[in-house]
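First the structure, in the form of structure tokens, and then the observations on it.
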């Protein structure tokens, strides 16, 4: 019998988490680790490993085939281009201090699509294959050019019968034309809500009138469009985070049960902030505390709020195929199923890549909307867009569930060849997956119920977790 290579990590209380390359995992103790490392597996060890898909008798047998299938299912597959992020204008009517896109002033000239850019964008989209497409309008503040949004949506609807549109807007200034555009079945709104009113005003709006306008428009958006059509994301300053209860209550008051906590990104104007080398540890502590808070609050209220990224990573840990979130999948090939078209017609593999290029850090453009995608540049980026052969990742128990972020590495460190464990990305996800392991092993009723809801399963308990005594 051959055992597939097992990686391991101590998870506390004398337990170790073991996982194979296909993401099959179980918990055991140090004595098993010693037997495995010394090649002294007992008959009971062998029976457990064979029965749980961690071993096979010979190449090509059903156990071998099943493992290779599971491993394949863990790899994100390259798909046809079906998702475009459009930046018709970089101008904005807010001056957020942590702006990651380096927005231009509202009255600044030269930061909108030209007629030629619009025509080329429509031609680029029209050449995409398939019958479905998702278009996300970003900025700046895209509603400043409602005329361009209208032309794009009108064209896309005629070309793609299955189309969906997302407008990322600060909801500061909306008139009849803007509301008419948003109030459509195929159109969704994404905005920023930085917790309680005081935090939102301090970080984004800066005065009472602008703050009043935002909350008034957010309330109207939820009433007009319905809570399922409006989502919001908070950006948290780790040094001045909002009160958890006020943050969650504020989201719930608008019918939102999903909250995606985001740290201030090291992009755009946010780079002017002094970088605290301890910030990742502080963020990990904050995020872990928020998960604990949600578990307790969910049990107390009976309303199950989730932190989006934790739930996404939890589902990746438990099963294959959870690859919808473009920031965490492996391989994470660029310019495959989505691409960004900037205000000047440049193509970028990710939104963060266009932010990094904007400040002159490094040019990560991969072509123009007129000339098309430069596949040579894309392939160069793709060489570092998987963790399968990274010298640090190959020894990590969390490798099957994790991914890579080349753009973030370049942004923070200016290079992509640092030891993986020294990067923000790795330190963030090691902490996050450690938290997942802790939470799924808890036996108290609050944790069991929240894990079940977040994992999208009817119930959760010890029967869901393989343990080898």
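The values are calculated or read from the model by the stated rules, or taken from the named source; none is laboratory data. Keep in mind the model is a prediction, meaning the values are calculated, not measured. A quick note on method: Cβ atoms are made from the backbone with ideal geometry, for glycine too, and the neighbour counts reach across all protein chains shown.
Counting only helices (runs of 4 or more DSSP H) wholly contained in the range 403-469, the ones carrying 1 or more residues that are at pLDDT below 95, over 20 Å from residue 18 (Cβ atoms) and under 18 Å from the mean Cα position of the chain (by Cα) occupy 406-413, 424-440.
Of the residues making up the range 117-142, those that are in contact with a strand residue (DSSP E or B) (Cβ under 6 Å, 6 or more places away or on another chain) and over 28 Å from residue 192 (Cα atoms) number 1. Of the residues that sit in the range 358-370 and are surrounded by fewer than 18 Cβ atoms within 10 Å (Cβ to Cβ) and at pLDDT below 90, which one is farthest from the chain's Cα centre (by Cα)? Among them, the one singled out is 360.
Just one residue in the set 343, 266 is buried (at least 16 other Cβ atoms within 10 Å of the Cβ), modelled with pLDDT under 90 and not in a helix (DSSP H, G or I); that residue is 266.
Residue-wise test of (1) farther than 30 Å from residue 84 by Cα; (2) surrounded by fewer than 21 Cβ atoms within 10 Å (Cβ to Cβ); (3) without any contact (Cβ under 8 Å) to a residue 24 or more places away in the chain; (4) out of contact with any strand residue (DSSP E or B) (no Cβ under 8 Å at 6 or more places or on another chain).
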{"site": "378", "(1), (2), (3), (4)": "no, yes, no, yes"}
{"site": "410", "(1), (2), (3), (4)": "no, yes, no, yes"}
{"site": "414", "(1), (2), (3), (4)": "no, yes, no, yes"}
{"site": "417", "(1), (2), (3), (4)": "no, yes, yes, yes"}
{"site": "421", "(1), (2), (3), (4)": "yes, yes, no, yes"}
{"site": "461", "(1), (2), (3), (4)": "yes, yes, yes, yes"}
{"site": "465", "(1), (2), (3), (4)": "yes, yes, no, no"}
{"site": "469", "(1), (2), (3), (4)": "yes, yes, no, no"}
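The set of residues in the range 369-417 that are in contact with a helix residue (DSSP H, G or I) (Cβ under 8 Å, 6 or more places away or on another chain) and assigned by TED's automatic domain parsing to the domain that holds residue 338 comprises 369, 370, 372.
Considering only residues of the range 222-263 that are in contact with a helix residue (DSSP H, G or I) (Cβ under 6 Å, 6 or more places away or on another chain) and in a strand (DSSP E or B), which is modelled with the lowest pLDDT? The qualifying residue modelled with the lowest pLDDT is 263. Only one of the listed residues (219, 211) is modelled with pLDDT under 95, in a helix (DSSP H, G or I) and either within 19 Å of residue 249 (Cβ to Cβ) or touching a helix residue (DSSP H, G or I) at 6+ places or on another chain (Cβ under 8 Å) (or both). That residue is 211.
Residue 117 passes every criterion in (1) farther than 30 Å from residue 171 by Cβ; (2) crowded, with 20+ Cβ neighbours inside 10 Å apart from (1). So, of the residues in the range 36-47 that are in contact with a helix residue (DSSP H, G or I) (Cβ under 9 Å, 6 or more places away or on another chain) and closer than 16 Å to residue 2 by Cβ, which turns out to be surrounded by the fewest Cβ atoms within 10 Å (Cβ to Cβ)? Top of the filtered list is 40. When residue 198 is tested against (1) modelled with pLDDT under 95; (2) part of a helix (DSSP H, G or I); (3) surrounded by 19 or more Cβ atoms within 10 Å (Cβ to Cβ), just one condition goes unmet, and that condition is (3).
Could you please find all residues in the range 15-33 being farther than 26 Å from residue 322 by Cβ and touching a strand residue (DSSP E or B) at 6+ places or on another chain (Cβ under 6 Å)?
At the first step, the residues of the range 15-33 found to be farther than 26 Å from residue 322 by Cβ are 29-33.
Listed by number, the list holds a single entry, 33.
Results for (1) surrounded by 14 or more Cβ atoms within 10 Å (Cβ to Cβ); (2) in a strand (DSSP E or B), shown as yes or no for each residue.
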| position | (1), (2) |
| --- | --- |
| 121 | yes, no |
| 128 | yes, no |
| 135 | yes, yes |
| 143 | yes, no |
| 146 | yes, no |
| 149 | yes, no |
| 154 | no, no |
| 158 | no, no |
| 163 | yes, yes |
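For the range 72-114, which residues satisfy the criterion of being modelled with pLDDT of 90 or more, in contact with a helix residue (DSSP H, G or I) (Cβ under 8 Å, 6 or more places away or on another chain) and surrounded by fewer than 18 Cβ atoms within 10 Å (Cβ to Cβ)? Those that are modelled with pLDDT of 90 or more, in contact with a helix residue (DSSP H, G or I) (Cβ under 8 Å, 6 or more places away or on another chain) and surrounded by fewer than 18 Cβ atoms within 10 Å (Cβ to Cβ): none in the range 72-114.
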